[in-house]
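The values are calculated or read from the model by the stated rules, or taken from the named source; none is laboratory data. Treat the numbers as computed from the prediction; the structure is a model and nothing was measured. In this analysis, Cβ positions are derived from the backbone assuming ideal geometry, glycine residues included, and neighbour counts consider all displayed protein chains. Please note that ligands, DNA and RNA were not included when accessible areas were found on the heavy atoms of the full protein model with its side chains. Shrake-Rupley method; radii C 1.70, N 1.55, O 1.52, S 1.80 Å.
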Amino acid sequence: MRPNAGPIQALPSPHPFNLKSLTTLLAQNQLRLAAMAKMQARHDPGPAAAAIGWPRLPRSAGALLLLGLSASGGLALIALSTTGAGELVVQGLLALLAIAGAFLLFGLLVGYLRLSERVAEAEMVKAVADGLDNGLEIVDQHGVALYRNRALQRLTGRRVGRHATLEELFAGEPDSAQAFFRLNRAAERGEPRDEEFYADSGPGGARAGRWLRVGVRPFAGPLAEAREGQRLTLWQVMDVTRERTREIETVSGLEATLAFYDSLPQGLFAVTPEGRIAHVNATLSQWLRLRTEPGRTLSLLDIVPADGADLIRAVARGSQGRATRLELDLLREDGRVFPAELVCRGHGPRGIISALVLDRSAEPTRAEAQAHTEVRLTRVFQSAPFGIATADASGRIATANAAFMRMFAVEGRGVPSTVAGLVPDGEEEAGRELAKALERAVSGRTAGAPIEVFFGAQRELARRVYVSALGSSGRAREGAVLYAIDATEQKALEQKFAQSHKMEAVGKLAGGVAHDFNNVLTAIIGFSDLLLQTHRQTDPAYRDIMNIKSSANRAAGLVRQLLAFSRRQTMQAEVLELGEVLTDLSALLNRAMGEKIELKILSGRDLWYVKADKTQFEQVIINLAVNARDAMPDGGCLTIRTRNVSERESLKHAGAGMAAGEYVLIEVEDTGVGMTPEVMGKIFEPFFSTKEVGKGTGLGLSTAYGIVKQTGGYIFADSELAKGTTFRVYLPRHIVENEDEIAQPREKKREATRDLTGSGRVLLVEDEDVVRNFAARALARQGYEVLEAGTGIEALEVMEREKGKVDIVVSDVIMPEMDGPTLLKELRKTNPSLKFIFVSGYPDDAFKKSLDDDEAYTFLPKPFTLPQLAAKVKEQLAE
C-alpha cells in the first residue's frame, strides 16, 4: 500500500479479494480518522472546547463511531476465520462500513461533527463550589452532611465526618451558641436567616480572632430534586473580618469627627426633613442644658420656638445651598431663652438642615461698650413679635427680622428679597398699592393706609403691611421701613362676628315675625275649631274648613322652624340616652332614605345622658338625614355615629368658639356630592337652599342650628366635593342626680281627657282681639264663665271689681302697659293661691328670668287649638 493514499485506501482492482489486506486497510483508515480528529481539535477547538478543554461530540455521533469501530474489529475477526461464500457477506458489510466511515470523516472535516470529552454537570458545579471563598454545606433533614466544599474545611481548619454539624465545629466559640440556636430554629421552620459572631481562634487553632457570618436557607436544586420527599438545607459560612474591620475604622473615624465637633467653641445641630434633631454637639447641649437620657429623641421644636422652626425650614428651603444668617432665641431645657445667631444651610430640596450656632448671650466687653446699645437694639429688632424690614430705594430688602421672614415665607416660597416679591400671584392690586407706598416713603412723604396682602389657596392668610420713610426729609432717597402684622386671626374673627351678627339679626326678625304670625294662626285655628263644631262631616263646608285648619297648622310648622332658628321656641327638656332615641328613630329614617341609600347607626358604648327636647332632637336628626338623602341622588351610605367626648378633646374646637366641657357627639356622615366652601358659609342661614324651587324651604339646617344652640350645644360641618359631608352635633353632658329624671320621659303621657266641659270663673287677658274673642267663646262653650281684659291694667280693674272671685287667669305674656309676668306679681299680692296660665308665641324661658324661682304657673304655647285650651284650663282647676 502507498503511504500517502487518500482518506480511505481502495483495493487494487486487478487483484483478487484479499481479506487480510482489507482488515489492514480498515485499521489504517481508523487510525487516520483519529489522527485527523485530533488535528482538527488542535486547530479549531470550538466554543465548547474552549470552555472545557476539548471539543464535544454529540451523543449520537459518538455512539456511531464506537459502534463502527466495534463492528470493524468484529468483522475483521470473522474474516480471518471465514472462507468461501461467507467472505462475500463479510466483504459487503465491510464495504458498507467503509462508506459510513467516509461520511463520518467528511463530517469531521467540514466541522459538523466534533470529538471531545464529556464533562458531567455535577462535576462542573462541584468544581465551582470548591473554588468559592465561602464555606458551603448541604445537609438532609436528619442533619447528615451530603456535601461540603473545600472552603468550609479551610475556614474550620479540620476535616470532619458526615454526622458532625457546624455547631459542633464552632462549639469552642463563646458567641456561637446563641447564634446557632437561632439558626437551627430558622432551619426547622424553613426560613432564611443570617447570624454573625466573633470567633476567638482562626483556622487550625490560630490565635487571631475573626468575624464569621453563618447563614441557613432551604436548598432547591438538582440534588434536592433527586431526593424527592426530603428537605435539604444549605449552610453558608463567610469570613467577614475585613468588612467588620472597615466598619470599625469608619465608626472610629466618625467618632473622632464627632469628638472634634463636640470640642468646637460653637454649637452645631442637624435636622432631618421630618423635624427630628439628628445631631447636637456637646457645646450646644451645654448651652441649652439639655438632659442626656438614653434613647431620648429631640425635635426642632424642643430647642427652637414654633415660629423660629418655621423660619429655619423656609430659609433652608430657599437657600439653594447658600448659608443664611438668622438671629433667633433658642429654648433652654428650663424654658428660658438663649439668644443666638444661626448660620443655616439646606442640603437638597427636602434634605437635612445644618446650622452653626453662635452665642449672643455674653455681656459686652469694654471694647464693645460703644456697640452695646446697637446690640440691644438688634435683640429688640429680632425678638419683636411683628415683622420689621428695611428696603432701599430700589425696593431691595436690606434687613428683616425673624417675624417678617416667617410671615412671608409661606406657600413653599423662600424669603422674598424684594418688596415686590412680598405679594403672591393673583394679588396685583396689592402689589400696585405696595409699590406706591414704597415710592411715597422713599420720597419722604407721610405714610398712607396699610396694605393687606393675602396668601393661601383660599386667601385665608392675611398680612397687613405699613410702609414708612426710613430717613428724615433731608435724606429723601435713603429707603423705607416696613412693618408687618399677621392679621389672619383678626380677619377670621371679623368674619365670624359678621356671620354671627347677621344670624342674630335674622333670628330676631324671624322671632318677631313668628310671634305675630302665632297670634294670627291661633285665631285661624281656633275659629276653624268653632266652625267644625257647628258642621257635620257630611256638610259641604266641613271639608273647606278642614283645609283651612290644615293650612294653618302647616303655617304653624313653618313658624316653629323660624322660632327654632331664633332660639325662641318652647323646649320641653328631658333626660335622654341618645342611643335609645336613635334606635327608636331608625325605622322612620329607613323609610325616609329609600332603597338606594344604606343607613348605618353606630352607637358608642356607655353613652352619657343629655338633657334636650326629644321631639326637637329627632327633628334635628331627620333634617340632617333628609339633607344627606338629597345629596345622594344616585344612592350611597348614611352613617350616624354617637360617642362621648372628653373635656380634653373638646379643647381642640376652642378656636371655633366651643366651650370646654364633656359632650355627647352625634355624627351624621353621607357619601354625597359635597359642598363648596362658598355654600358651606351659608348653609345655616334661613331660606338658603341649593335645591330647585319648590323642593325645599331652606329652613331645615337653620332649624337644626337653632335647636342645637338652644339646647346649649354646637354644630359643625365638614364637606369635600365628590366625597361627602359630615355634620357633628355636640350636646353637653347631663349629670343625673335623681333616678326619677331618667324614668320620667319613658312613662307614657296621659291621654287627653275626652270630656272638656267644666265650670268656674276664668279671667282671659289678651291684647289681640281676635285671639281673645276665640278663646272666650271656646271656654264659654265648655261651661266656663269668662271675664275678658285687653291689658294687664284692665285685668287688675276686673279683679278689683269682682273682689277677687276668679278661679283661674289665662294671660298673654307680651302686652302694652303691663305684661303678663308683672300682672302675676300684682295678683299674687292679694291672692297667692290663684291659678295662672301663660299663653305666648315665645318660649317660657323668655320671661322665666323675670319671675321668682318658686313661682307656680302653667304655660301653653301659641298657636293652640280649642281642645288644648279647654284641656289645660280643666287640668289646672282639677289640681
Within straight-line cross-link reach of K835, aspartates and glutamates at Cα separation under 13 Å, skipping those fewer than 8 residues along the same chain: D807, E855, E875, E879
The ³J(HN,Hα) series, computed from each phi in region 140-155 with the Karplus coefficients 6.51, -1.76 and 1.60 at θ = phi - 60°, rounded to the nearest Hz and given as x for glycine or proline, is 8, 5, 9, x, 7, 6, 8, 7, 9, 8, 5, 4, 5, 5, 5, 6
Could you state how much accessible area S361 has, in square angstrom rounded to the nearest 10, with a 1.4 Å probe and all protein chains kept in place? 50
When the chain is fully extended, how far beyond the present Cα-Cα distance does A447 get from E429, taking 0.36 nm per residue of separation? 4.7 nm
Spin-label point model (7 Å from Cα, Cβ direction): what's the E678 to T399 distance in nm? 4.7
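Taking R0 as 25 Å, what FRET efficiency do you get between R828 and L877 from their Cβ-Cβ distance, rounded to the nearest 0.05? Can you show the working numbers first?
Working: r = 18 Å, r/R0 = 0.73.
It comes to 0.85.
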For F381, F269, give me the order by solvent-accessible area with a 1.4 Å probe, most accessible first, ignoring ligands, DNA and RNA. F381, F269
Contour minus end-to-end for N553 and T272, with contour as 0.36 nm per residue of separation and end-to-end as the Cα-Cα distance? 94.4 nm
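Largest first, what is the accessible-area ranking of H347, H653 with a 1.4 Å probe?
H347, H653
If r is the Cβ-Cβ distance from A100 to D130 and R0 is 41 Å, what FRET efficiency results, to the nearest 0.05? Walk me through the numbers before you get to the answer.
On the way: r = 42 Å, r/R0 = 1.03.
FRET efficiency, A100 to D130: 0.45.
In region 748-879, what is the volume of the convex hull around the alpha carbon atoms, normalised per residue and reported in Å³?
Details: hull volume 14.9 nm³, N = 132.
It comes to 113 Å³ per residue, whole-number rounded.
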What's the carbon and sulfur percent of region 806-865's accessible surface, probe 1.4 angstrom, rounded to a whole number? 47
Roughly how much of E439 is accessible, in Å² to the nearest 10, using a 1.4 Å probe? 130
With label points set 7 Å from each Cα along the Cα-to-Cβ direction at L93 and K805, the distance between them in nm comes to 16.2
D584 - accessible surface, heavy atoms, 1.4 Å probe, Å² rounded to 10: 110
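What full-extension length gain, to one decimal in nm, is calculated for L651 and T418 as 0.36 nm per residue of separation minus the Cα-Cα distance? Before the final figure, lay out the partial values.
Numbers: separation 233, 0.36 × 233 = 83.88 nm, distance 4.05 nm.
Length gained between L651 and T418: 79.8 nm.
Could you please put R213, R325, R317, R242 in sequence from largest to smallest accessible area, using a 1.4 Å probe?
Numbers: R213 60, R325 145, R317 110, R242 195 Å².
So, going from the largest accessible area down, we get R242, R325, R317, R213.
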Taking the Cα of S263, stepping 7 Å toward and past its beta carbon, and measuring to each backbone N in region 274-289: which are under 20 Å? 280-287
N773 and R605 label points (each 7 Å along its Cα→Cβ direction) are spaced in nm at 6.5
Descending packing, highest mean Cβ count within 10 Å first, for 678-685, 394-401, 516-523, 591-598 is 516-523, 394-401, 678-685, 591-598
Aspartates and glutamates with Cα under 14 Å of K652, excluding same-chain neighbours fewer than 8 positions away: E662
Pairs K549/K611; K825/K872; K829/K849: which are spaced more than 27 Å apart, C-alpha to C-alpha? K549/K611
